[in-house]
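Colleague: Have a look at this one.
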Amino acid sequence: MVVVAVAGGTGTAGRAVVAEAVGKGFVVRSISRRIPSDERRLAGVEYTAADFRTGMDVVTALTGVDALIETLDARTGSSLKALPATTVAVLAAATRAGITRCVLLTILNAAECSMGYYQVQAARARSYEAVGIPASVIYATQFHDLVARLFSAGSKVGLIPAFTGVSFQPIATADVARILLDEAVAGLLPDAAAHHSRRAGGPSVWTMNELAEQWKAATHRRGMVTSVPLPGAFGTFLRAGKNLAPDAAVGAVEFNDWLQARQSLAG
């Protein structure tokens with residue numbers, strides 16, 4: 001039986017990968033610094049506490065693992081600065097453990113944006129591309145969750161932002177989880193390439209204004225959809241369409257369908 005471990009298995013992407021792997025019948029181990037509370041655990045998953053930054057309990061966490069999917073993330077501060085080194089530590093531990101395939105989730109074209117968070121993601125991808133063990137990188141477009149958070153934050157002050165000249169190709173975390181797991185399993189085959197990368201975009205490209213209108217209609221939140229400029233490196237990156245991959249539209253769930261499903265769950 002194939003054992004799949006998810007580093008960062010309690011985060012947004014990690015939880016989706018864990019759920020996908022359990023649904024496909026794999027032995028699944030979720031690795032995080034803290035074990036989640038009972039109500040946040042999925043049945044059939046082994047939850048293990050380990051810290052790749054310090055090495056605490058990493059050997060035990062990786063024992064018997066065939067494929068390791070890394071979804072670790074950090075947004076700010078020292079954790080973000082340490083993330084490239086953490087990824088190096090993940091790969092070193094995987095090498096010592098004899099893991100057959102490692103797979104990283106990162107951001108599409110991150111190297112082309114000078115913003116710090118994106119440069120960190122690019123550095124992690126370079127580590128996977130250069131490592132001496134079989135490894136894959138999935139370069140994904142922005143999650144539906146991220147786009148929705150932008151609108152939600154703005155609506156609190158009565159303004160739903162639509163950045164001028166910006167489009168997104170958002171993808172569901174469930175779609176990304178499927179792609180990550182497929183890549184990990186395919187990488188276990190004897191004839192699999194030692195290094196492989198894949199781009200993963202949502203099913204459609206939408207202007208931010210169109211997405212904002214979809215979000216407002218689905219959530220019934222107040223606020224005016226307003227075109228606003230986005231200065232700086234991130235704005236330049238987005239207006240150039242570097243966040244888009246229309247030729248890699250592998251996602252199945254549209255933003256509006258994702259919104260409708262969330263509203264149904266919320267009651």
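The values are calculated or read from the model by the stated rules, or taken from the named source; none is laboratory data. Treat the numbers as computed from the prediction; the structure is a model and nothing was measured. Virtual Cβ from ideal backbone geometry, glycine too; neighbours counted across all protein chains shown. Protein only, heavy atoms only, side chains kept; ligands, DNA and RNA dropped before computing areas. Shrake-Rupley method; radii C 1.70, N 1.55, O 1.52, S 1.80 Å.
Colleague: State, in angstrom, two size descriptors of segment 120-212 derived from its alpha carbons: Rg to one decimal place and Dmax to the nearest whole number.
Modeller: Here Rg and the maximum Cα pair distance are 16.9, 56 Å.
Colleague: Right, something else. Could you do me a favour and compute the accessible area per residue for segment 51-177, 1.4 Å probe, result in Å²?
Modeller: On a per-residue basis, segment 51-177 sits at 38 Å².
Colleague: Additional query: Regarding the chain, what whole-number volume in Å³ per residue does the convex hull of its Cα atoms give?
Modeller: For the chain, the hull spanned by Cα atoms encloses 133 Å³ per residue.
Colleague: Less than 15 Å Cβ to Cβ from A97, Lys/Arg counted +1 and Asp/Glu -1: what total charge do the surrounding residues give?
Modeller: Net charge around A97: 0.
Colleague: Would you list, by chain and number, the aspartates and glutamates whose Cα falls below 12 Å from the Cα of K242, excluding same-chain residues fewer than 8 positions away?
Modeller: Leaving aside aspartates and glutamates fewer than 8 places away in the same chain, those within reach of K242 are E112.
Colleague: Report, ordered by chain and residue number, the lysines lying within cross-link reach of K156, taken as a straight Cα distance under 21 Å and ignoring same-chain residues fewer than 8 apart.
Modeller: Excluding near neighbours in sequence, the set is K216.
Colleague: State the percentage of accessible surface on the chain attributable to carbon and sulfur atoms; use a 1.4 Å probe and exclude ligands, DNA and RNA.
Modeller: Result for the chain: 56 percent of the exposed heavy-atom area is carbon or sulfur.
Colleague: Give me the Debye-computed log₁₀ of I(q)/I(0) at q = 0.15 Å⁻¹ for segment 1-158, equal point scatterers on Cα only, no solvent, two decimals.
Modeller: Summing over Cα pairs of segment 1-158 leads to -0.81.
Colleague: Still on this structure, I have one more. Could you pull the accessible area for E20 with a 1.4 Å probe, rounded to 10 Å²?
Modeller: 40 Å²
Colleague: Can you give me the pair-distance distribution of segment 81-154, C-alpha pairs, 5 Å bins, whole percents?
Modeller: Per 5 Å bin, starting at zero, the Cα-Cα P(r) for segment 81-154 comes out as 3, 15, 23, 20, 17, 11, 6, 3, 2, 0 percent.
Colleague: Once all Cα-Cα distances of segment 190-251 are split into 10 Å bins that start at 0, what whole-number percent is in each one?
Modeller: 16, 33, 33, 10, 7, 1
Colleague: Under a point-charge model restricted to the Cβ atoms of Lys and Arg (+1) and Asp and Glu (-1), what is the dipole moment magnitude of the chain relative to its Cα centre, in debye to the nearest 20?
Modeller: 720 debye
Colleague: Against the longest principal axis of the chain, how steep is helix 173-186, in degrees 0 to 90 to the nearest 10, with axes from Cα atoms?
Modeller: Helix 173-186 and the main axis of the chain meet at about 30 degrees.
Colleague: Give me the angle, in degrees from 0 to 90, between the Cα long axis of helix 208-219 and the longest principal axis of the Cα atoms of the chain, rounded to the nearest 10.
Modeller: Between helix and principal axis, roughly 90 degrees.
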